[in-house]
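Colleague: What follows is a single structure, and I will ask about it in a moment.
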């Protein structure tokens, strides 16, 4: 009976010694930084039913839809303006930086960047009418003048190009004078 109790105590002690390295390995795996991946595409859908992890589906240029979870730590922005997950609209061009968790096989978004609409992006660059031109700036190019209808050439009005003659007469004439060999001198 003493032997059985001694073996039991020995088993518990060994399990305690082995549990330390296993626990340390688990903590190390949690602290390991996952690589950040990038996907560019178009928003297909946003599921905001679960507030702890919203689901964003992005279609890439190949047509493949990728589900990515939006966590409370995910940063969503359009240019410099911060947005919420509810502001994401279907069909919007987007770039998503995410981490892939190999334990759960899920993608978790780190940053979501919506493209800035062309009207907002071009507005700061267009000068106001009547404003002074900035020093060193290139002058605006004038629009090309429109062509009058009589100036436009149609295929029928195009000048005719003479056709090349067919047959043996079209080949260039070969020279009939024999070539003389080059003079060689020996000394």
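The values are calculated or read from the model by the stated rules, or taken from the named source; none is laboratory data. These figures come from a predicted structure and were not determined experimentally. All Cβ positions, glycine included, derive from the backbone under ideal geometry; neighbour counts span all protein chains shown.
Colleague: Going through the stretch 98-134 one residue at a time, which ones are at negative phi, in a loop (DSSP other than H, G, I, E, B) and at pLDDT 75 or above?
Modeller: Filtering the stretch 98-134 down to residues at negative phi leaves 98-104, 106-129, 131-134.
The next check asks that each one be in a loop (DSSP other than H, G, I, E, B); those that pass are 102-104, 115-117, 123-129, 131-134.
Correct list: 102, 103, 104, 115, 116.
Colleague: Anything in the stretch 54-72 that is assigned to a loop (DSSP other than H, G, I, E, B) and free of Cβ contacts under 8 Å to residues at least 24 places away in the same chain? List them, or say none.
Modeller: Once the filter is applied, which keeps residues that are assigned to a loop (DSSP other than H, G, I, E, B) and free of Cβ contacts under 8 Å to residues at least 24 places away in the same chain, the stretch 54-72 yields 60, 61, 62, 63, 64, 72.
Colleague: Further, regarding this structure: When you check residue 65 against the structure, is it at pLDDT 75 or above, under 16 Å from residue 107 (Cβ atoms), in contact with a strand residue (DSSP E or B) (Cβ under 6 Å, 6 or more places away or on another chain) and loosely packed, with under 14 Cβ neighbours inside 10 Å, yes or no?
Modeller: yes
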